[in-house]
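The values are calculated or read from the model by the stated rules, or taken from the named source; none is laboratory data. Small disclaimer: the values here were computed from a predicted structure and weren't measured. Every residue, glycine as well, gets a Cβ built from its backbone with ideal geometry; the counts of neighbours run over all protein chains shown. These area figures cover heavy atoms from the full protein model, side chains too; ligands, DNA and RNA do not enter into them. Shrake-Rupley method; radii C 1.70, N 1.55, O 1.52, S 1.80 Å.
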Amino acid sequence: MRTVHLILLLALTPLCAVAQVPAQSVARPAPAGTPATGAITGRVLDERGQPLTNAVVTLRTVGAGAQPQNMTTDREGAFNFRNLDRASYLVTATSPAYTQPPVDPVMSQTPNYHIGDSVTLTLVKGGVITGAVTNLAGEPIVGVGVRVQMLRDANGRRTSNSWNQLKLTDDRGVYRAYGLPTGTYVVLAGGPSQYYSMAGYPFDNDVPTYAPASTRDTAAEVSVRAGEEIAGIDIRYRGEQGRIVSGQVNVPPEFAPGSNVTLTAMGDTGVPWSSTEYQQPNSRGFVFNAVADGDYSLVAQSYGPNGDRAVSVAKRIKVRGADVTGIELSSRPLSSVAGRVVLEESKAPECTEKPRPVFNEMLVSAWHNDNDAAKEMPQFVWSIGAPVSPDAEGNFTLRNLAPAEYYFIARQTAKYWYLQSITFAPTPVAGAKVASKPIDATRVWTNIKPADKLSGLTITIAQGAASLRGNLALGEGEQVPARLFVYLVPAERERAEDVLRYFAAPVSPEGKITLNNIAPGRYWILTQTVSDDTLAPLAKLRLPLETETRARFRREAEAAKTEIEFKPCQNVTDFQLPLKPAQP
C-alpha cells in the first residue's frame, strides 16, 4: 500500500466534493461588519486541571514563512493574543518538564484556530531517563553530551530524525533527561552535536556510543511513559574515532552562496540519525566528522530570493573503514504551483445571506505520493513546501515542492460552503481549434518535475453545504467500539467516481457524530472500525489510487441500507444511526 504525506503533516478535516467546474465567480470580500482583527484567548492546564504558570504559548499563522508570536501564561494559566488578523492559526504550549499528552493520530486532528476562539491546552508531566557515563576503566566522564532520541512514538510508530534532547553529564558523570513524551528511545553519548559544535568540546570526533556500550545498530531500546522515571540507563563510553565525509556543493547562480548539507543514516534496522553541516560561502566545502560505518544519504539545501529553495538529488554513500571525500552535490531549484480560489453562490433560498468564506482563513496544501521514488529523499525535504493561504483576491502559490507526484488539498471552515472541485487548466496546444477540458486534479496525480513553475490550479468552493449532528443508537449494554468512524459515500451512481463526495469522521467515545461541509445530495451512511495507522481514513478515501477502496465502501454502505439526503444549507440534528460497524 502506498500512502501520501501532507506537507508539514497538515491534518485533514471534512472537506467537500469534486465535480466539473461550472461558471465561476471570483470571491468578494467578507460582508460588512466582519471584524478585521480580534483575539485568541485560552488557558494552559496540567493533567489534574490545575493552571500552569509561566508556560510559553506559541501562536503562528498556518502557512509558509509564518513568524511565531510567544507569550507566557499568568497565575491562572491564561494567555491572550490580541490584534490578530483574520487567518488560520496554530496554538501550542511548552513548559519545563512537561509534554503533550499522547494522542491517537487516526482519531485526532491538529486543530486550527481563528480570532474569537478560546483555547484550552493541556500538558502532562513528561517522562525521565537518567544514568551515568563512564570510561572503559569505570571512571565518570564529565561534560559529555548525552542525547535521548525517540525511536518509536506512543502509538508504536517508527519515527525518523524526530524528538531528541541533549544533556551534559555532571561531575559524577550523571545525566538526566526529563519532559520526555511517551515513546521508545535510544540513548547515546559523545559525537558531534546534531545542530552545532560546542567550543572546546572534546568529543566532537568520536563516534557516538549508545547505551549500554553499543553502535547504533545494536543500541538498547528504552520505553518510558509520561510521568515515569527510568533510571540506570548507563553508558560505557567507547571513545572510538569516526570517519570523515566531505565534499562540495554547486549552487545555482541566482541562489545565495552557502548550503546546508544533511547526512542521514539509511535503512529500517538502524537507529534514525542525522546531522547537518553548513557549507560557508566561498568555502572549500562541507565536512562531517565522527561518522560511523554504515549507509547514508546526503542532501544539500540552498536558499534563494523570496524564500525559494534549491535541493540536490539525494546521494547515497557507504562508509566502510575509511573516509569518503570528494563528494559533489548540485542543488536544483524546487518547483511551484500557482492558482486561485473562486466562490460559486447557490440560488437556493435557504442559503440567502449566509456568511461568506474569508480567503486568509483557508489553506491550500500539496501531498506527495510516498512511492519508492519519493522515499529516496529524506523526510525533511517534504516539509519545506508549506501550506499557504490565498491573498485578498483568492490567488495563491505553493512554493518549494520537490519533484514528485502530488495531490492537492483545500481546507476551509465556512459553515455553509463546500469544496466543489480542484482542476488544472491543461497546457495549451499550438494549432488546436477546441480548448481542452480542465483536468480533474482529484482523480489523478500531478507530476511535478525539477524547477517547474506550473499555473492554472483552480479551487472552487460552492455555497450550499449541509451538516450532520447525531448519535449512535446503542442498545442496552452496548459500547462504542474503539476507533470507530462514520462514513458518507455517494448514493447516486453518477457520483460514484466523485472523489470528494466521500466523507469520514471519528465517532466520539460517547457516540456523538459530527460531519460538516457536506455537498448536497443523497448518501449512504455507515460505521466502520479502523485498524490501519498509516493514514487517516478520510485522506485514504480521497487518494487517486484508492479506487477499489471507494468501491468497497459503496458496496458495504449499500448493503447497510441506511440512506440520508442533504438539501442545500440544511443542518440535520438529532440523527440516530444504528450501530452496524462493518469490519475492515
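For the stretch 82-169, a crude dipole built from +1 on the beta carbon of Lys and Arg and -1 on the beta carbon of Asp and Glu, taken about the Cα centre, is about 80 debye to the nearest 20. Ordering 41-50, 148-157 by mean Cβ neighbour count within 10 Å, with the highest value first, yields 148-157, 41-50. The overall shape of the stretch 466-584, judged from the alpha-carbon gyration tensor, is oblate: a/c is not under 1.5, and a/b is no greater than b/c. Of the Cα atoms belonging to the stretch 122-263, the radius of gyration and Dmax stand at 16.9, 55 Å. Taking a ≥ b ≥ c as the square roots of the eigenvalues of the alpha carbon gyration tensor, the stretch 339-464 is oblate, as a/c is not under 1.5 and a/b does not beat b/c. Here's how it looks for residue 292: its modeled amide H is under 5 Å from those of 243, which are all 5 or more places away or on a different chain. Using the alpha-carbon positions of the chain, Rg (one decimal) and Dmax (whole number) come out as 26.2, 84 Å. Placing dummy labels 7 Å off each Cα toward the beta-carbon, the span from residue 46 to residue 241 is 5.0 nm. Of 109, 142, 421, which is farthest on the positive side of the dipole of the chain, counting Cα position, with +1 on Lys and Arg Cβ, -1 on Asp and Glu Cβ, and the Cα centre as origin? So the residue furthest toward the plus end is 421.
Placing +1 on the Cβ of every Lys and Arg and -1 on the Cβ of every Asp and Glu, with nothing else charged, gives the chain a dipole about its Cα centre of roughly 920 debye. The slack between residue 280 and residue 118, meaning 0.36 nm per residue of separation minus the straight C-alpha distance, is 53.8 nm. Between the beta carbons of residue 452 and residue 330, assuming R0 = 25 Å, the FRET efficiency works out to 0.90 to the nearest 0.05.
Compactness of the stretch 403-558 is given as radius of gyration and Dmax, 18.3, 70 Å, from Cα positions. The modelled label-to-label distance for the pair residue 103/residue 392, using points 7 Å beyond Cα in the direction of Cβ, is 3.4 nm. In order along the stretch 468-476, phi translates into HN-Hα couplings of 9, 10, x, 9, 6, 8, 8, x, 4 Hz, rounded to whole numbers, per the Karplus curve 6.51 cos²θ - 1.76 cosθ + 1.60 with θ = phi - 60° and x for Gly and Pro. Neighbours of residue 43 by Cβ distance under 15 Å: Lys/Arg scored +1, Asp/Glu scored -1, total -3. Round to the nearest 0.05 the FRET efficiency obtained for residue 473 and residue 531 when R0 = 30 Å and r is the Cβ-Cβ distance. Calculated transfer efficiency: 0.80. Within the shell defined by Cβ-Cβ distances under 14 Å, the residues around residue 573 carry a net charge of +3, with Lys and Arg each +1 and Asp and Glu each -1. Each residue of the stretch 247-263 was assigned a 3J(HN,Hα) from its phi angle through the Karplus expression (A = 6.51, B = -1.76, C = 1.60, θ = phi - 60°), giving x, 9, 10, 8, 10, x, x, 7, 9, 5, x, x, 8, 8, 10, 10, 9 Hz with x at Gly and Pro.
Here r is the Cβ-Cβ distance between residue 561 and residue 494 and R0 is 25 Å; the resulting FRET efficiency, rounded to 0.05, is 0.80.
Taking 0.36 nm per residue of separation and subtracting the current Cα-Cα distance, fully stretching the chain between residue 217 and residue 157 would add 19.8 nm. Seen against the Cα atoms of the chain and their longest principal axis, helix 547-560 is set at about 50 degrees. Which one, 300, 203, 87, projects farthest toward the positive side of the charge dipole computed for the chain from Cβ point charges (K/R +1, D/E -1)? Going by the Cα projections, it comes out as 87.
When Rg and the Kirkwood Rh are both derived from Cα coordinates, the Rg/Rh ratio for the stretch 108-197 amounts to 1.12.
Value of Rg to Rh for the stretch 72-155, rounded to two decimals, is 1.14; Kirkwood radius and Rg both from alpha-carbon coordinates.
Summarising the label geometry, the points placed 7 Å from Cα in the beta-carbon direction at residue 548 and residue 139 lie 6.5 nm from one another. With no solvent and one equal point scatterer per Cα, compute the Debye intensity ratio I(q)/I(0) for the stretch 246-319 at 0.24, 0.27 Å⁻¹ and report its log10, rounded to two decimals. For the stretch 246-319 at q = 0.24, 0.27 Å⁻¹, log10 I(q)/I(0) is -1.08, -1.27. Counting only Cβ charges, +1 for Lys and Arg and -1 for Asp and Glu, the dipole size of the stretch 233-337 around its Cα centre is about 140 debye. Rolling a 1.4 Å probe across the protein heavy atoms gives the stretch 476-584 an accessible surface of 45 Å² per residue. For the stretch 257-317 versus the stretch 470-526, the inter-centroid distance based on Cα atoms is 45 Å.
Between the residues 490, 473, 446, the greatest Cα displacement towards the positive end of the dipole of the stretch 445-508, with unit charges on the Cβ of Lys, Arg, Asp and Glu, is found for 446. With the convex hull of the Cα atoms taken as the outline of the stretch 225-378, the averaged projected area works out to 17.2 nm².
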